[in-house]
Amino acid sequence: MSQYILRRLLIAVPSLLGISLVLFTVLALAPGDPFSELATNPNVPPEVRFALRTKFGLDDPIYLRYLHWLVAMAQGDWGFSFVSRMNVDTLILQRLPTTLYVIGSAQLLALLIAIPVGVYAATRPYSIFDQIANTLAFIGFSLPTFFTGLLFILIFSVKLDWLPFVYSTDIKATGINWFGEQVRQAIMPVMVLGLFQAASMTRFVRSAMLDVIRLDYVTTARAKGLGQTRVIVRHVMRNAMIPVVTLIALQIPAVFGGAIVTEQIFRIPGVGSLLISSILANDTPVVMAVTFVFACLVVLFNLIADLLYGWLDPRISLR
């Protein structure tokens, strides 16, 4: 197991290097830079602008700038935010827990909905429950997160005044009241992301279950007198979850993309909103670091998915 993980990590290194090279080149070729506003500011002398550009190497060739960034990144120096006036790693670590909290809660909600609904629908195909579940799944998957978020705000915040539509990090309450306020303000963004993911997962779980439930070994298990619940839980679900794990791992980029939109709608101070504000301000070091962190998380979740394969199906050898 340890050798397999080490080998996968070594394979991930060239992938991350290629991703970082593409990201850095695209950002370097994009119009504008962090000091573009200084060029139109009459209070900044030209020699000061030139000294700043020389200090940060903005006029160096792209390949040289990339090598400097790569060496600094390997040493733990993620750069300096020109807009926030602080180190990029500190800025990201301040925002990352909020994003992981929202995304993690949304993924948990999606799994709690998709697995029971998909399994039950597969055991009763073309029933009334199956048709209703498929219809709701199609509707949920068709509605984009920005539309669902605005709809939730209109209903639960504007009309009913039940939930706050602006995420706040400065809650004055303490103890159980603080926890309650945290849950209240996270309900709508978590629901928006979770229901969108649950819609696609439900269809996938149902399809995977139907593929496995027709296999000969399931018929044999039933012929031996095993109960329906034991057959489904112990013999069908475990094998059916393998493609579902693959789907979850491959959906991680889409989850982060949806989180960026959701954080903008609900004003969540997460990494997604930081990325948007940094793009608008041409804060290249922050944009580069955030996108690279997203790429690392995608590689990490794919590694976790591979490890789960061996646990779900002992026939898969992690060698």
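For this structure, a couple of remarks:
- Dipole magnitude (debye, nearest 20) for the chain, charges at Cβ of Lys, Arg, Asp, Glu: 1280 debye
- Reachable lysines from Lys172, criterion Cα separation under 26 angstrom, eight or more residues apart if same chain: Lys159
- When peptides 294-300, 214-220 are ranked by their average number of other Cβ atoms within 10 Å per residue, the highest-first order is 294-300, 214-220.
- Relative contact order [Cα under 8 Å, 6+ residues apart], the chain, whole percent: 26 percent
- Under 12 Å, Cβ to Cβ, from Leu300 - net charge with Lys/Arg +1 and Asp/Glu -1: 0
- Furthest towards positive pole of dipole, Thr123, Pro164, Val192, structure part segment 92-316, Cβ charges: Thr123
- Three-way shape call for segment 182-272 based on the alpha-carbon gyration tensor, with the a/c threshold at 1.5: prolate
- GNM flexibility winner over the chain from Ser278, Ser105, Ser127 (Cα, springs under 10 Å): Ser127
- Taken as Cα centroids, segment 91-110 and segment 267-312 sit 11 Å apart, rounded to the nearest whole angstrom.
- Computed over protein heavy atoms with a 1.4 Å probe, the accessible surface of segment 92-316 works out to 51 Å² per residue.
- For segment 6-33 versus segment 133-208, the gap between their alpha-carbon centres in whole angstrom: 33 Å
- Accessible area of segment 87-190 belonging to carbon and sulfur atoms, whole % at 1.4 Å probe: 71 percent
- Farthest towards the positive end of the charge dipole of segment 199-319, among the residues Val236, Gly272, Ala305, is the Cα of Val236, using unit charges on the Cβ of Lys, Arg, Asp and Glu.
- Charge dipole (debye, nearest 20) of segment 138-251; +1 at Cβ of Lys and Arg, -1 at Cβ of Asp and Glu: 600 debye
- Kirkwood hydrodynamic radius of segment 118-237, Cα pairs, Å: 17.3 Å
- Hydrophobic, long helices, defined as DSSP H runs whose alpha-carbon span along the helix axis is 15 Å or greater and whose mean Kyte-Doolittle value is at least 1.0, occur in the chain at 2-29, 62-74, 88-123, 128-142, 237-250, 252-266, 284-312.
- The translational diffusion coefficient of the chain, from Stokes-Einstein at 10 °C and 1.306 mPa s with a Kirkwood hydrodynamic radius over alpha carbon pairs, comes to 70 µm²/s.
The values are calculated or read from the model by the stated rules, or taken from the named source; none is laboratory data. As the structure is a prediction and not an experimental result, all values here were calculated from the model. Heads up, the Cβs are rebuilt from the backbone with ideal geometry, glycines too, and the neighbour counts pull from every protein chain shown. With ligands, DNA and RNA removed, areas are computed over all heavy atoms of the protein, side chains included. Shrake-Rupley method; radii C 1.70, N 1.55, O 1.52, S 1.80 Å.
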